[in-house]
Amino acid sequence: MSQRHHTGSFGSSGGASSLGLQGRLLEVAVVVGMDDETGLEQRQLEHTDVSGNGDKLFQMHFKAQLLDIISGTQESSQVASLILQGTTTSDPQDWRKSLRQMKTTKPRRVAKGVQRSRSVRKLRQRANKDEDVPVSTDFLVNLPCICLPDNSKVYREEHPSKMHFVVLTDISGSRHYAAVLTMYQPFYAVQGNSPKSWRLTRGRQSGSLTRLTENSEMTASELEPTKCFVPLCICFVSSLPYFDTLKNSLSCLLKDIKSLPNPESFRKVLEKYVTNLSVVLCPPPTLQVSFTLGGWPFTMFPSCEPGKPNFVTDLDLRLPLFVFMRKPATLLQVLACILLEQRLVFISENYSLITLVMEALLCYIRPFTWPHQYVPLLFSEIIDFVACPGIFLMGCHGMHKEQIEQVENDQIVVDLDTGKAYMCASYDWIKTGKANSKDNIKSIDEKLDCYFPNFIVDKVLHRLSELQIHNTVHELASPTPVTIEEVHTLEARRKSINNQKIQQIFMEMMIDLFGDSVYFLDHEINQFRTDEFMETVNSSDLPFYLKVCKTYMFKRFVQDRLRRTEDTFSRIAEERRKRTGAKAIMARRTFGKIRSVGEVTYPSPLRRSTARRPHSTGYGDHRSTVKQNSTIKTNGSNHLAPPISHPFALRKVSDNDQGDLFDSLKEDIHKINLPTFPVQGTNFNAGHFYRRCAEIVGDVMGKLRVANGNQQQQQQQQQQPNGHDPEINVSTSRAACLIVRGLYLVAIGDHLKGLEDLHATAQEDYRMFPEKTIKTIVASLSQRDLQTFRNQAYYKGDDFYKTNEQKTRNESFYYGDDELPYNPLDKHMLAGILEKSDVTSDGDVIDRVFGALSASTQEIDPEIFASFYHTWKQTRHECEVALRSLLSAGNTNLGVLQDSERLLKVSSVVSSNKGTGRLILTTRKLLFMTESYQECKHIIRLNQVRDIKLSKLKAIFHSTTALSVKCEDEIPFKVGLKSECELWRNLINEMKTGRILSRDWKDHAMTLGAAAQNVGIADAVYQSAQDEGFMTEEVALEWVTKLCNFTKLHQSGQLRAVPLETDEMLLLRIDTSPKESKKTSITNIIYSSAGIDEIPRVWVALASNKIRLIDTTQWTLDSRPIKDCNSKLSSMCVVQRNELWVGAADKSIYVIRTDTMKKSRVLHEHSAPVVSIFKCGKQVVSASSDGEVIVWNQELTKSSKTFHVAQPPYSLISADCVGESTICCCTKASIGLYALDGEMRQRLTLSEFFSSPFLESQITCCSCTEQNEIWVGDTRGCLYVWHRRSFHDGTLTSDTNLHTHDRFNRLIPKCNGILFGIDSDIAITCIMESGTNVWVGNSIGDITILNSDTLCQDRVLKAHDASVTSLCHVENRYVISGSSSKDGKIAVWRAFVTKPKEEMN
């Protein structure tokens, strides 16, 4: 028996919620590297050099693998669950119980020659089976290369541990921040079967090495184990940029790992840190969180902006100042390039420096945010991204410096090791072939013709020169800290003071640059008056502002101002305006006029700082240059003058006043000390910890109420000075406390109280209203809690919840991990799961899936099926995330997607000839979405694709396997999909073919949906095969080709477009059983006009006991079938305004109300299956197969007359009404005409046309027309027509023109020899009159249209793939045909035959 880990119930009774703590510090921990399970496999890098006679083991680079994933939610919730169940001890390996284990001992099949690697999706499943790991699969796939970007070697000696930082952007635009610790573990390596692979073991004399030596053909010296130190990376991932906190946490973890007696306890220690950090909440604004971990105190500071939680500064902002200390003006040059949205590449020999410097530079330009591609760490496999078009900020190792300089992409290289910034001119270097690359490097001055205004440069450099970035001198008089708490307090205070000063300097710079732009906002039309703004700009500064106003960052900044976003920038700008009045804007206009006539001149401070001060070594040396370079030309003489400041810089406001201004707007920070974490080896009760945290926050809120009361008393005693209102500060703090307490209550499981606190934040400070978090919590509520939540007063009074409730809840059914089968699956079990989870319901597709997953056996391994199913589910989830990202982009992607269009597959970040981004396949087109702000740069409609082939995407370094998509009169679109090119080509071809067939067959997107289904299944099979290794890549691609069934059939010629005659008449086709594995026969079709229930509908009776409804106004299938009948349905008739009578094979007549779609009565008068129900005059008549005819009193639903019309051995086939009082009853041998009282009037037989010995034929169907005719079809494809001359003589005679015994000369329609004619295999199945035409369906799916007057054939329609079972006309405008189970579809036709032009002439 397999072991299962049962998660407890996290209701409001206690414990931890399975939803976990929202907004936690640590989202997930990932372990990357190589171990004894993965071995060593060579990694192909451009700079790899294994030449020489040295040991190749220490020269090669190896592929890093994902070794483990631990989700913070699972760790904090799972341990609490064990305690709730009464478990008193916690096994450190209990997490393994959540893994799915097979009940059988059958080994998993692994394809021959395929080395098993760790599956990303299985690791996600292992990390948390109740909630998806909060990072994308794309993030996890790239993480091994990011953790070991360029140096993935093993060493003879142990190297010191090191740290670096990572920022990744997922498809939704959300960024994840990570700190990576790289350490080295000892292993013994021996070469494997391939010269590019090695096996690892922890012991020199292990059993695996002994067995390998015995079974290998290599010599003993070649199999001698070699001791080596293998890199192991531990990555802590957070949703907010708490770099220093993550670094210190990993440092404490490293200390504990080194103290372990054996490496087996490594995961136990890691689990402890993940558990502790996952219960720490990232503080909202005005709150700071303190806790102790591993003996080290931690303090987490909040975001500086209430509405922007990612504006966290948890790094040393002095880093860029240190980097550019020798040339301080270069720092401002780089900032100018960022604001002007240039392409920048940061390089350094120190990985940890690159990310932190780039993050610090983005902090300098707040409130501007970088919306474009942002990759702080390029690893070797994606170094080609620097050659792609588009705007980006990228970083890479210094070893790629020469390669970067060769790229002709107008990128600016920022060397962080030397503090230089320059632009490469590689084209001339490549053309001339010069060896000296220094001749091909240009300064930024030659690249840019615009910079920051001169006075801003002078002011910023002057302020930076006064900044004390080194604190050694000031700390000489202070005692040396001797405890960890003192050291931490000193470092935290030092970093906080320095960061505040630096942020103040650059916030002033941004206000000087853009502060007066608020005067030119037109809030009525939501527009920025650019022309008026430019009129006030100095002529020398005009180039900079002209360019910066065209950037996307500035447009987003203006949109925030138009929305009246309240942040530090807006508050300081407003305070400055109040202090200076309206003189600033007039001063700027005057200042601009003076500069416009050229009376005031400045040398460029950006160039001056690099050319005129070559010996400048620091910020302090700039003090003497501020005044020296500010001169005024008067009558040919130069004399010194004080520097002219920007009017909005407010010359009258001194630096002290500036500091007072920032201090007055500074909000009070309240501290929350988290409870102490339990020591290692003891149970951790997450629910108790969350409850204790909620109590601590409640205490803080009590202190806030007391402080607020004291402030109100002081405010009544004296007038409040100019500045911010303290009540606003208290409200923001209360809102922050409500968020923290609400999230902890939700984590406990008390969702309602938690939501109440979160809702109350809007009353305190709406900027902090956690809209996204509330949506997530509401979507996770059970039905019981949701109903209670709807009864809350705030829910009823706020339309926000009602509007978003349906959007946040996922109605799709997914199997949980415990619900998937443990035993091998047969085809029947597979069909049930695929149908219920909406993977597919097509029997043929299920057969192909079974063949792919079973590997030609009679069952499917449960592990293989679990991998396939979870892959399919995660792919659908990623497409939903991408869809939300596209729709959230606003007007940028307006009109890109249609209402019914959905996403099928999203690639990872790839390079192309259109830039860097993601390729997206939808049901109608191909999209290329940029990695930056989710804009679709390139759109290709599938019906415009002319050719898809494999190609090469040329880059400056090497060529990449790419997919080339050729459209009409366009340059081919090439995208570097590498190993997935063949997969994408198959998927795109399948959707393209489905699109073509859907258009040709007019099936109302039915074929398009089936093709989309094939694409999703084929992709899941391929990806799961790559993860699990149960088949080789070649075999997987073969199955992809088979699963893409439309492409296969279309290429073989089995699927062709419908003939022209059919295309002219066919309106659309509809599948009446889209979610059933086996198609169902259509037994009867009727139409009800709008007079019945105000909606014109078509009622379709199925052999599967269901009735489907079709809305004829839009020709859409109702998703709610009527399932009240218990047997196969045969006939239907609308009897009254709101009643539908349905005859069934169980001898019953079901009366269904058309308004409620429920059966109201059941009539059991018949003793045999009911074959017909119809209205004859004012009476309702029903007939059964035994020949019993019942005339009903429709008001009382009681039979008024009963008689029999058929005798054995012939049974009644159908019955219909002729005229007002005659019933036509049809058997296989004859047709009888009866009055309503049962009197027989005439019997018709086929012998009237020819002698019975000459032709042995049976009647199959009969139809009565309004022109006094009876049309009969037989089993040999012949038609017989009787004409009724008079309704008064009581007799029916045959048409004399048809009275002939020559079967070959009779006037009946004939076919072209393929579909209709004298053929014993083709039978007439149904006949219906429509206007002047008669529609005749046969057993091979064709419909012949005859003229009822001339009995001539107008045309033959290729309708179905199976026999036509029913025909129905809709107000003489449309004709609807239904088919048997092989086809199971209905076709909607135009009722009028369109004559070709040549016939009309």
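The values are calculated or read from the model by the stated rules, or taken from the named source; none is laboratory data. Being a predicted model, the structure only gives us computed values, none of them experimental. In this analysis, Cβ positions are derived from the backbone assuming ideal geometry, glycine residues included, and neighbour counts consider all displayed protein chains. To get the accessible areas, we keep the full protein, side chains included, count just its heavy atoms, and leave off ligands, DNA and RNA. Shrake-Rupley method; radii C 1.70, N 1.55, O 1.52, S 1.80 Å.
Of the residues contained in the range 357-370, one or more are found to be among the hydroxyl-bearing types (Ser, Thr, Tyr), in contact with a helix residue (DSSP H, G or I) (Cβ under 9 Å, 6 or more places away or on another chain) and open to solvent by 20 Å² or more (accessible area, probe 1.4 Å). Taking the options Ala1018, Ala1025, Ala1005, name whichever one is surrounded by 22 or more Cβ atoms within 10 Å (Cβ to Cβ), at pLDDT below 90 and of a type in the set (A, V, I, L, M, F, W, C). The conditions single out Ala1025. Scanning the range 898-914 turns up one or more residues that are more than 13 Å from the chain's Cα centre (by Cα), polar (S, T, N, Q), outside any helix (DSSP H, G or I) and buried (at least 19 other Cβ atoms within 10 Å of the Cβ).
Comparison of Glu349, Glu402 shows that the only residue that is over 30 Å from Thr565 (Cβ atoms), at pLDDT 90 or above and open to solvent by 20 Å² or more (accessible area, probe 1.4 Å) is Glu349. Restricting attention to the range 291-315 and to residues that are out of contact with any helix residue (DSSP H, G or I) (no Cβ under 7 Å at 6 or more places or on another chain) and under 20 Å from Pro770 (Cα atoms), the residue that is surrounded by the fewest Cβ atoms within 10 Å (Cβ to Cβ) turns out to be Asn310. Selection within the range 1149-1158: residues that are aliphatic (A, V, I, L, M) and assigned to a strand (DSSP E or B). The member of this set that is nearest to Thr1202 (Cα to Cα) is Ile1149. A Cβ distance below 7 Å, combined with a sequence gap of six or more or placement on separate chains, defines the contacts here; from the range 1265-1291, residues that are within 21 Å of Ile1345 (Cβ to Cβ) and aromatic (Phe, Trp, Tyr) reach residues that are at pLDDT 80 or above and assigned to a loop (DSSP other than H, G, I, E, B) in the pairs Trp1271/Thr1265. With respect to (1) under 18 Å from Val457 (Cβ atoms); (2) of a type outside the set (A, V, I, L, M); (3) modelled with pLDDT of 90 or more, the lone exception for Pro367 is condition (1). Of the strands (runs of 3 or more DSSP E) contained entirely in the range 941-1002, those carrying at least 3 residues that are open to solvent by 50 Å² or more (accessible area, probe 1.4 Å) fall at 945-953.
Taken over the range 258-290, the residue count meeting the criterion of being over 20 Å from Leu674 (Cα atoms), in contact with a strand residue (DSSP E or B) (Cβ under 9 Å, 6 or more places away or on another chain) and open to solvent by less than 20 Å² (accessible area, probe 1.4 Å) is 1. If you scan the range 1159-1199, which residues turn out to be open to solvent by 80 Å² or more (accessible area, probe 1.4 Å), assigned to a strand (DSSP E or B) and more than 20 Å from Asn1084 (Cβ to Cβ)? If the condition is that a residue be open to solvent by 80 Å² or more (accessible area, probe 1.4 Å), assigned to a strand (DSSP E or B) and more than 20 Å from Asn1084 (Cβ to Cβ), then Lys1198 is the only one that fits. When the residues of the range 529-559 are narrowed to those that are open to solvent by 10 Å² or more (accessible area, probe 1.4 Å) and within 34 Å of the chain's Cα centre (by Cα), which ends up nearest to Arg576 (Cα to Cα)? Step by step, filter the range 529-559, then rank; the result is Val558. In the range 655-683, the qualifying residues are those that are at pLDDT below 80 and among the polar types (S, T, N, Q), and the one that is surrounded by the fewest Cβ atoms within 10 Å (Cβ to Cβ) is Asn656. Among the residues making up the range 321-345, those that are over 18 Å from Leu513 (Cβ atoms) and out of contact with any Ser or Thr (no Cβ under 9 Å at 6 or more places or on another chain) are Leu321, Phe322, Arg343, Leu344, Val345. Residues in the range 1230-1250 that are open to solvent by less than 40 Å² (accessible area, probe 1.4 Å) and part of a loop (DSSP other than H, G, I, E, B) were compared, and the one that is modelled with the highest pLDDT is Gly1238.
Phe928 meets all of the listed conditions (1) open to solvent by less than 10 Å² (accessible area, probe 1.4 Å); (2) modelled with pLDDT under 80; (3) in contact with a His (Cβ under 6 Å, 6 or more places away or on another chain) but one, namely (2).
The listed residues are Pro1253, Pro1309, and the only one of them that is of a type outside the set (Lys, Arg), over 60 Å from the mean Cα position of the chain (by Cα) and modelled with pLDDT under 75 turns out to be Pro1253. Out of the range 304-332, which residues are within 18 Å of Phe544 (Cβ to Cβ) and in contact with a Lys or Arg (Cβ under 9 Å, 6 or more places away or on another chain)? Result: Ala329, Thr330. Counting only residues that are surrounded by fewer than 13 Cβ atoms within 10 Å (Cβ to Cβ) and not in a strand (DSSP E or B), the range 1112-1122 holds 4 of them. When the range 1126-1148 is limited to residues that are part of a loop (DSSP other than H, G, I, E, B) and farther than 17 Å from Thr1197 by Cα, the one that is modelled with the lowest pLDDT turns out to be Asn1126.
Just so you know, in the range 1360-1395 the residues that are out of contact with any Leu (no Cβ under 8 Å at 6 or more places or on another chain) and aliphatic (A, V, I, L, M) include one that is surrounded by the most Cβ atoms within 10 Å (Cβ to Cβ), and it is Val1364.
Taking the conditions (1) open to solvent by less than 50 Å² (accessible area, probe 1.4 Å); (2) assigned to a loop (DSSP other than H, G, I, E, B) in turn, Glu1220 satisfies each one other than (1).
A Cβ distance below 6 Å, combined with a sequence gap of six or more or placement on separate chains, defines the contacts here; from the range 832-859, residues that are over 17 Å from Lys1048 (Cβ atoms) and open to solvent by 40 Å² or more (accessible area, probe 1.4 Å) reach residues that are outside any helix (DSSP H, G or I) and of a type in the set (Gly, Ala, Ser) in the pairs Glu835/Ser841; Glu835/Ser1077.
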